[in-house]
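The values are calculated or read from the model by the stated rules, or taken from the named source; none is laboratory data. Quick caveat, the model's predicted, so the values are computed rather than measured. Positions of Cβ are generated from backbone atoms using ideal geometry, with glycine treated the same way; all protein chains shown enter the neighbour counts.
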Amino acid sequence: MGLVIKPLMDLSQSAVAAAGTWNCHARKTIWIVGNSFVHWAQVRAARQPYGTQLGLPQNRCQVFWFGEKDLWWSGILQLMAKAAEQTLPPDILVIHAGGNDLTSLRLSRLIQRIQADIHSWMAKWPWLKVVWSKIIQRKVWLTTGRIQQVEQKRRKVNTIITNFLKSKGGSFVDHDNINFKCSNLYRPDGEHLSDIGLDLFNKSLQQMLMNCLEGVQTVD
């Protein structure tokens, strides 16, 4: 039996008003930045009823996507600079990157780079809320056969960066509903997500962004 996914929540203005939970803050600019997972999540969202706005009301926020295929962490600053040329500075920054580096970069070096770049963004935009979209499991890591070793690094990076961000008022997206044992969540290459997997990915992003806009603290 295939996995059944509930549709993304109805976050139209009428639904929000009925819920009575939104704070009357200024309209927020949201950036979703990252590797091919972000690229394909945007493509999937554009074809779905919830759209690239992820169903979030436009009077509360505006969502911008910056996904780049084959992105390594060393390219994240250039991608951020490109984003800054196209839109207003972000109020909420969702980052999904670092997975491609797990097979080539020393763990300590990768963590150091991620933390340093997050520091620089928060110094540049003091109001910024950074959300770490956790690196997702893969059935196949294309440049290595040491799957268990990479999986251990993946979990450690996610844990350290999540704790780091929580200490700075940031947050995270778990994606714990995407498991490599569920083959229908992945494309045949075992690396990228299928349409079903992308819908789960986008639903998790939507929930986190709604929490950010409402000022709800995420608990691990």
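Observations on the model:
- Among the numbered conditions (1) buried (at least 20 other Cβ atoms within 10 Å of the Cβ); (2) touching a helix residue (DSSP H, G or I) at 6+ places or on another chain (Cβ under 8 Å); (3) at negative phi, the only one that residue 175 does not meet is (3).
Yes/no matrix, rows are residues, columns are (1) farther than 16 Å from residue 32 by Cβ; (2) touching a Ser or Thr at 6+ places or on another chain (Cβ under 8 Å):
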{"site": "68", "(1), (2)": "no, yes"}
{"site": "79", "(1), (2)": "no, no"}
{"site": "87", "(1), (2)": "no, yes"}
{"site": "100", "(1), (2)": "yes, no"}
{"site": "119", "(1), (2)": "yes, no"}
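- When the residues of the range 157-172 are filtered to those that are hydroxyl-bearing (Ser, Thr, Tyr) and surrounded by fewer than 16 Cβ atoms within 10 Å (Cβ to Cβ), the one that is nearest to residue 198 (Cα to Cα) is 159.
- Breaking point among (1) more than 15 Å from residue 38 (Cβ to Cβ); (2) basic (Lys, Arg); (3) modelled with pLDDT of 95 or more; (4) surrounded by 17 or more Cβ atoms within 10 Å (Cβ to Cβ), for residue 139: (3)
- Restricting attention to the range 178-200, the residues that are crowded, with 17+ Cβ neighbours inside 10 Å, touching a residue at least 60 places away in the same chain (Cβ under 8 Å) and farther than 19 Å from residue 154 by Cα add up to 4.
- Residues of the range 136-192 that turn out to be assigned to a helix (DSSP H, G or I), over 18 Å from residue 96 (Cα atoms) and hydroxyl-bearing (Ser, Thr, Tyr), as a count: 1
- The criterion of at least 3 residues that are free of Cβ contacts under 8 Å to residues at least 24 places away in the same chain and surrounded by fewer than 17 Cβ atoms within 10 Å (Cβ to Cβ) is met, among helices (runs of 4 or more DSSP H) falling completely within the range 23-135, by 76-86, 107-124.
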